[in-house]
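Enquirer: Please see the structure below; I have some questions.
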Amino acid sequence: MSEKYHLVIDGLNVEADKNSTIIQALAKAGNAITKNVGCMGQGVCGSCRCLVRKEGERTVTTALACETPIEEGMQVSFIDYFLPSHIHYYDLENVGDGWNWLDDTAALFPESQHCRHCGGCDAACPKHLQVQNGVAQVVAGDFGAAAHTFDECVMCNLCTLACPENIRPNHLGLYARRMTTARSLRPVDLMRRLQEIDSGAMKVDIQAA
């Protein structure tokens, strides 16, 4: 007979085999799962986002229930999907020719310019992505690097929930991935220089040249 672990999931006392994941433990205990599940254990959809506290620890961490093994005395609370107050709408066909992507990105995601570098998004990410760095890469116009940073993002929205500036890093990363795929990227340093010239931050004396 396999060893059993006892834990609490959304207020329910659950007993399950010790080699179970959180979502498996909930299902095997006879509970009907009607939400907070999507890919059934593949760890790719982000639907089963949850808060976890291990026995004897004060810290609460985030996790995906489908890929997190249970432990004795663990406490789990699922986080329902939520709609943010501001939703970003854009059409890649209308974003521009590439030279103005820095301005276009700032206009579409103005809150991204105000990152506090608190690290909350990094701590919240169940995939352990360098989310904060990815936001900085998009703001700097390095869409290729940002697309790589967010490549394994499952759009669970936990980084959005953790951000005090209401930045939606996962959607910013998705934007970078779409831009990288849809367009041939221009050199970042040249885009920045053209932006400086256009805004007047850098003066160019054509006669002197």
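The values are calculated or read from the model by the stated rules, or taken from the named source; none is laboratory data. Worth saying up front: this structure is predicted, and the values here are computed from it rather than measured. With ideal geometry, Cβ positions are generated from the backbone for all residues, glycine too; neighbour counts draw on all protein chains shown.
Enquirer: Please work out which one of (1) in contact with a Gly (Cβ under 8 Å, 6 or more places away or on another chain); (2) modelled with pLDDT of 80 or more is the condition L51 fails and give its number.
Expert: Evaluating L51 over (1) in contact with a Gly (Cβ under 8 Å, 6 or more places away or on another chain); (2) modelled with pLDDT of 80 or more leaves (1) as the failure.
Enquirer: When you scan the stretch 72-100, how many residues do you find that are modelled with pLDDT under 75, over 30 Å from I33 (Cβ atoms) and touching a helix residue (DSSP H, G or I) at 6+ places or on another chain (Cβ under 7 Å)?
Expert: Matching residues across the stretch 72-100 total 3.
Enquirer: While we're on this one: For the condition in contact with a Ser or Thr (Cβ under 9 Å, 6 or more places away or on another chain) and surrounded by fewer than 17 Cβ atoms within 10 Å (Cβ to Cβ), what is the one hit in Q130, Q137? Step through it out loud before you land on a result.
Expert: Values: Q137 fails: surrounded by fewer than 17 Cβ atoms within 10 Å (Cβ to Cβ).
On inspection, the qualifying residue turns out to be Q130.
Residue-wise test of (1) touching a helix residue (DSSP H, G or I) at 6+ places or on another chain (Cβ under 8 Å); (2) in the same structural domain as T180 (by TED's automatic domain parsing).
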site	(1), (2)
A63	yes, no
I70	yes, no
L102	yes, yes
A106	yes, yes
F109	yes, yes
K127	no, yes
Q130	yes, yes
V139	yes, yes
A147	yes, yes
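Enquirer: Please verify whether the stretch 168-180 includes one or more residues that are modelled with pLDDT under 85 and in a helix (DSSP H, G or I).
Expert: Of the stretch 168-180, the ones modelled with pLDDT under 85 are 179-180.
Among the residues that remain, those that are also in a helix (DSSP H, G or I) are: 179-180.
Yes: the stretch 168-180 contains one or more residues that are modelled with pLDDT under 85 and in a helix (DSSP H, G or I).
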